[in-house]
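Since the structure comes first, as structure tokens, the remarks are kept for the end.
What follows is calculated from the coordinates using simple rules that are stated; it is not laboratory data. Everything numeric in this text was worked out from a predicted model, so none of it was measured. As a convention, Cβ positions derive from the backbone with ideal geometry for all residues, glycine included, and neighbour counts pool all protein chains shown.
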Amino acid sequence: GAEAAGTAALVRAHRRPAPSVRAAALLAARGTVTSLNDVSDGLASEAWEIAEASGVMLALRESRLPKSGSLAAYASRAGADPLAWILYGGEDYVLLGTIAAGDAEAAKAELEAAGLPMYIVGEAEEGPAGVALVRDLDVRGRGRRAGSAPRREPLPKRGYNHFGE
């Protein structure tokens, strides 16, 4: 049924990742993109690469990270945390980058008009190079109530390493 179809889609995506060449070309043509990298080594790992190369703090917002229903269901069946897979899983060729804040929404609209998704998952901030996760969801996965400040926690610098021992 739907569960088997969702699992099959996840396996297909892992075995045959689709590089985001068209999205990269559209974004590059805008002239407002300041970094761009695929997340083949994991979202957190690539965010760290961008943060260190750019000398900025990247604040990723939990509520904005795209979550596949199939991934969440499979993680639940496997007894795993889907957020950990999103942050530290690899072999995904979607793009992560930075763009001028004033052009982000227009770029998103252009990509979506071309049938390509774009998610604005956080902000670059001044400060020491690093990556933080802004935990702006409650325990049920919904937005926090007004007046309830989100927790902010540093993301460890890890992911897939091709040259590990």
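If amide hydrogens are placed 1.01 Å from N in the peptide plane, which non-local residues have theirs closer than 5 Å to the one on Val131?
Here Leu58, Leu155 satisfy the definition.
Length gain on complete extension for the stretch Asp38 to Arg64, per 0.36 nm per residue less the alpha carbon to alpha carbon distance?
7.6 nm
Could you give the nm distance between label points at Ala109 and Arg158, where each point is 7 Å from its Cα heading toward the beta carbon?
With each label point 7 Å from Cα toward Cβ, the separation is 4.2 nm.
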